[in-house]
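Please treat every number below as a calculation from the coordinates, not as lab data. These numbers were taken from a predicted model, which means no experiment stands behind them. Cβ placement follows ideal geometry from the backbone for every residue including glycine, while neighbour counts extend to all protein chains displayed.
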Amino acid sequence: MLTVESLAKSYESSAGAARRRKSADSTRVFAVDGVDFDVRDGELFTLLGPSGCGKTTTLRSIAGLEQPTAGRVRLGDRVLFDAARGVNLRANRRGFGMVFQSYAIWPHMSVFKNVSFPLDVMPRGKRPGRKEIEERVHQVLDVIELGAYASRPATKLSGGQQQRLALARALVTRPELMLLDEPLSNLDAKLRESMRFELKRLQRELNLTAIYVTHDQSEALVMSNRIAVMNEGRIEQIGKPREIYTRPATRFVAEFIGTSNFIEARVVSVTGGEVAVETTQGRLIARECPRTPALGDTVLLSIRPESVDVSTAPRGDVPNEWSGKVRTRAFLGDAIDHITGVGDLEIRSRSNPTVSIPPGTEVHLSVAPDKVTLVPVD
Amino acid sequence: MALASTATAPRGGDHETPGPGPSPEPTAPGRLLALLRRLLSFQGLLVGGAVVIVGYLALVPLGYLVHDTFLNSTGTGVSLGAFSRAYGGNSQAGSMMLNSLGFALGSAALALVLGTVLAYVQVRTDTPFKGLFFAASLVPLIVPGILYATSWIFLGDPSSGVINTLVFKPLFGTAPVNIFSVWGMIWVQGLHLAPVTFLLMVAAFRAMDPSLEESAAMSGARRSTVLRRITVPLLRPAMISASLLMFVQSLESFEVPGLLGLQNGIYVFTSRIYFVLRAYPIDYGAAGALAIGLLLIAAAGVLLSGWLQRSSRNFQTVTGKAFRPRPVDLGRARPWVGAGVIVYFLVTVVLPVAVLVYASLLKYYAAPSRKTLGSMSLENYSEVLHMPLAFTALKNSLIVGVGAATAVMLLTSVVSWVVLRTKAPGRRVLDLVAFTPIVIPGLVLGLALSFVYLRMPLPIYGTLLILLVSYCTRYLPYGMRYSSSAMAQMSPELEESAAVSGASWFQTFRRVLLPLMSSGILAGWVYILVVSFRELSSTILLYSPGKEVLSVLIWEQFENGQFTTLAALGVCMVLILVLLVSIAYRLGARFGLQGDSSN
């Protein structure tokens with residue numbers, strides 16, 4: 001539906017800025033550095049990354065609020081932006097709905113007026129009649145459960161209500177695409193949690209196509225159909241939430257999403273779907289790798305703490321087993337982490353809080369081969 | 001390495017567009033056409049028009065000033081003759097410059113010390129009468145410089161002044177106070193400017209994070225050490241910029257040196273320019289040369305201030321957040337500080353206003369005695385009411401003031417949008433140009449404008465329009481400050497969300513921007529109206545008989561020695577200004593941080 005091709009946005013560099021590239025005479029900084037993806041009909045597509053990774057710039061470029069320096073943005077057959085052909089449709093002609101991080105509720109208007117604004121400013125030929133505007137506004141206010149507040153000044157709403165008002169305003173024109181720029185980041189933790197499901201429900205029920213920008217990995221995992229993880233202006237990986245989590249393609253993705261144990265290793269044998277690697281603490285087996293490495297490659301193993309099984313008795317019958325001594329443990333409420341020294345390695349394991357092993361105890365760690373992910377060394 | 005996941009996006013560096021150029025390179029005619037189309041849109045016309053007007057207002061007079069000053073007598077070549085006439089020979093340029101600098105430095109120092117101490121006491125201590133501070137801070141707004149100076153003549157005249165006749169004569173048998181001296185000028189100007197410093201420093205004190213001081217206290221520093229080693233260094237940038245602003249304002253002041261200095265032949269730049277233009281034959285070149293000298297010193301002051309602030313920006317104490325620090329407990333000193341506040345209020349507000357009212361009730365001014373108190377009447381007021389010129393002047397003041405306020409605020413709201421919200425090339429230059437009039441003293445502007453319109457075929461010389469042009473130029477920087485701070489306070493997302501909602505530029509401007517900026521624009525509008533009412537220094541060179549405004553009428557009374565009529569007129573003017581300012585407050589306009597000018 002929406003296609004973004006080699007999108008780039010660069011600035012004249014200022015001192016100390018990162019991501020430089022030397023060109024003929026000037027140094028330019030790339031906020032977005034060649035991003036490609038496409039968003040499918042009816043999906044919630046998330047741009048996820050740390051602050052400054054270029055996700056918001058990408059979203060704003062799609063919205064038309066920022067002019068990229070290179071690349072193309074298409075919506076179906078409609079070209080919205082094409083640097084090579086000098087096409088740049090203005091934001092107000094793109095017909096998207098957008099929810100801003102600050103909500104950007106107009107404080108001088110009532111709740112109703114805020115929502116009706118996108119309809120009010122339509123060109124004369126397309127603008128619906130007064131009655132229809134009223135109907136549509138009330139309809140959308142009902143959907144987001146603000147129907148009773150229509151005549152209130154917008155500033156009299158609570159944070160969560162303002163957030164929903166911003167959503168209503170974006171929805172009222174029934175846009176083909178919704179752009180959501182960290183819409184939940186200004187809410188408190190409890191409300192944020194419930195709004196996640198609320199937003200997801202709305203998106204599914206109204207069959208909305210949406211691009212969602214967030215730096216919160218759990219938000220991204222809960223809500224998205226697909227996630228693009230961004231770093232330093234580039235996309236590191238695009239995939240379904242489960243893929244991203246269990247099969248990170250790069251060290252950055254593995255580090256950014258959840259926690260991981262990273263172990264350097266060398267590939268010693270490749271047989272079918274099974275890869276054997278040699279670490280400083282012995283041999284490990286990895287299974288179901290998305291890409292088969294070559295023999296002799298140096299790779300990085302990424303092992304999630306919850307995939308590491310810790311017990312005081314040896315298992316004996318499993319392929320990937322180490323023994324070591326518990327160094328520290330940390331109680332997290334719903335889980336407990338043990339950090340175990342295995343030779344020169346430190347392995348973090350996460351288990352049910354009923355398992356609590358005092359530091360200094362000899363323990364045995366094991367990992368199922370399909371839980372060992374091979375990541376390229378940067 | 002061969003382990004890249006299938007899902008990894010292709011890396012950058014293989015863009016189809018060659019090179020990371022700043023913008024795509026469409027064909028040349030296509031680009032020209034696109035540019036033309038943009039310029040001809042409504043937005044283009046509005047923005048372009050505003051830019052042209054600002055450039056015209058701010059730069060053309062200066063161009064003419066320089067041109068006419070360097071022109072030789074035959075009008076064919078460059079010469080420095082004007083400068084030698086202005087500064088050489090028996091022009092006493094040396095003492096004039098010393099007086100100027102001494103007056104400006106002294107006034108700035110007095111205003112800085114008073115303003116800073118008052119701000120500290122107001123913001124950081126539990127002093128009584130906190131409300132009086134802000135009442136006192138309105139003085140420069142509602143009592144114009146010319147009236148303030150007149151009041152101090154009534155108070156400090158060596159022979160008939162209230163202070164000498166009622167305090168020193170009976171007690172010590174001497175009359176040491178002479179307001180017609182450099183010290184007198186410094187006193188009056190400094191007191192008149194102190195509230196402006198006060199407001200600037202209050203803002204600085206409030207914007208300072210108190211935890212910076214608290215952590216010093218937690219480190220074991222005594223209060224005096226904290227003050228010396230933390231508070232003052234952190235406030236230094238604010239103090240520097242405040243004092244330079246005061247310096248430039250004093251340098252440009254015409255009212256105080258004009259009223260207090262001319263009498264004893266104490267000249268400063270501004271009064272010298274006025275003197276040169278009053279002599280016959282009028283030597284425009286010499287006046288221009290003096291104006292350029294003044295302009296250069298003022299510009300140097302402003303540049304220095306900008307430079308000092310830039311170098312101190314790396315320790316920003318101003319976070320834009322207002323803090324509510326816990327006030328210092330004054331303890332046993334509290335009644336003394338309270339008494340000090342009362343005395344300050346009496347001396348700077350009550351006394352000058354009271355003496356003005358007193359004088360307005362007399363036939364001839366004399367220090368208060370049983371005889372004068374007995375002869376008080378409202379005769380002056382009835383004279384003012386029967387003066388046909390008074391109503392013309394009031395009407396003219398209103399027309400020009402309302403016109404200038406409206407024009408400036410409309411212009412600056414567009415210009416500040418260009419400066420703050422677009423990435424248009426040259427927007428910084430535009431900002432700078434809109435601010436240049438701040439270094440142009442009123443008298444210099446008046447002179448420059450008369451050069452322009454004596455020459456140009458536009459027939460506005462000798463009409464009210466020339467005053468309107470002058471006021472628009474003078475108050476452009478203040479208008480900019482109001483509009484741009486109103487715009488800066490507004491999140492750009494509010495406009496962006498309108499754009500994403502489908503609103504065109506003009507719809508966004510009219511339906512989102514203007515309503516949200518309205519209180520800032522209104523505040524600026526009233527402020528400009530108020531300061532236009534008192535504008536004297538450029539008006540005095542541009543008005544023509546029959547086109548007087550209120551401030552000129554007051555000046556004429558002074559020149560004719562009609563002090564008591566002047567006082568009555570002055571009281572009326574103060575009342576009008578009080579009315580305007582209170583309407584503004586009722587409407588929710590806030591002066592203070594932005595309102596930092598006084599003529």
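Cβ crowding within 10 Å ranks B:Leu467, A:Leu221 as A:Leu221, B:Leu467, fewest other Cβ atoms first. FRET efficiency for the B:Val357 to B:Leu45 pair, using the beta carbon distance and R₀ = 45 Å, is estimated at 0.30.
Count charges around B:Ser397 for me, please; just the other residues with Cβ under 13 Å from its Cβ, Lys/Arg as +1, Asp/Glu as -1. It works out to a net charge of +1. Remark: chain B carries a charge dipole of roughly 1000 debye about the Cα centre, counting +1 on each Lys and Arg Cβ and -1 on each Asp and Glu Cβ. Per residue of peptide A:223-236, the mean number of Cβ atoms on other chains within 10 Å of the residue Cβ is 2. Here the Karplus curve 6.51 cos²θ - 1.76 cosθ + 1.60, taken at θ = phi - 60°, turns the phi angles of the stretch A:75-88 into couplings of 10, x, 9, 7, 8, 8, 8, 8, 4, 5, 9, x, 8, 8 Hz, with x standing for Gly and Pro.
Computed on the Cα atoms alone, the convex hull of the stretch A:193-262 gives a volume of 88 cubic angstrom per residue.
Simple spin-label estimate for B:Met387 and B:Asp329 gives 5.7 nm between the two label positions (7 Å along the Cα-to-Cβ direction from each Cα).
Can you give the convex hull volume per residue for the Cα atoms of the stretch A:20-141, as a whole number of Å³?
Each residue corresponds to 175 Å³ of Cα convex hull volume.
With both labels modelled 7 Å from their Cα along Cα-to-Cβ, the B:Leu432 to A:Asp188 distance reads 5.0 nm. What the Cα convex hull of the stretch A:259-376 gives, in volume per residue, is 97 Å³. Extents of chain B, largest first, come to 105, 74, 47 Å (Cα atoms, principal axes, whole angstrom). The B:Ser377 and B:Arg236 beta-carbon pair, evaluated with R₀ = 45 Å, returns a calculated FRET efficiency of approximately 0.25. In loop segments of the stretch B:205-305 as defined by DSSP, there are no chymotrypsin sites (Phe, Trp or Tyr not before Pro) with at most 11 further C-beta atoms inside 10 Å of their C-beta. As a calculated quantity, the FRET efficiency between A:Met122 and B:Leu398 at R0 = 30 Å, using C-beta atoms, amounts to about 0.10. DSSP beta bridges fully contained in the protein assembly as shown are about 80 percent antiparallel.
Binning at 10 Å from 0, report for the stretch B:363-420 what percent of all alpha-carbon pair distances ends up in each bin. The calculated distribution, bin by bin, is 18, 23, 19, 17, 13, 8, 1. Stokes-Einstein diffusion for the stretch B:80-377, with the hydrodynamic radius set to the Kirkwood value over Cα pairs and evaluated at 20 °C in a medium of 1.002 mPa s, equals 100 µm²/s. Here, the stretch B:92-151 is characterised by an Rg to Rh ratio of 1.13, where Rg is the alpha-carbon radius of gyration and Rh the Kirkwood radius. Find, to one decimal place in angstroms, the Kirkwood hydrodynamic radius of the protein assembly as shown, where the mean of 1/r is taken over every pair of different Cα atoms and then inverted. Taking every pair of different Cα atoms in the protein assembly as shown, averaging 1/r and inverting gives 33.7 Å. Gyration tensor over the Cα atoms of the stretch A:2-250: the corresponding equivalent ellipsoid has semi-axes (square roots of 5 times the eigenvalues, largest first) of 32, 22, 17 Å. Modelled label positions at A:Ala294 and B:Trp307, each set 7 Å beyond Cα in the direction of Cβ, lie 6.2 nm from each other.
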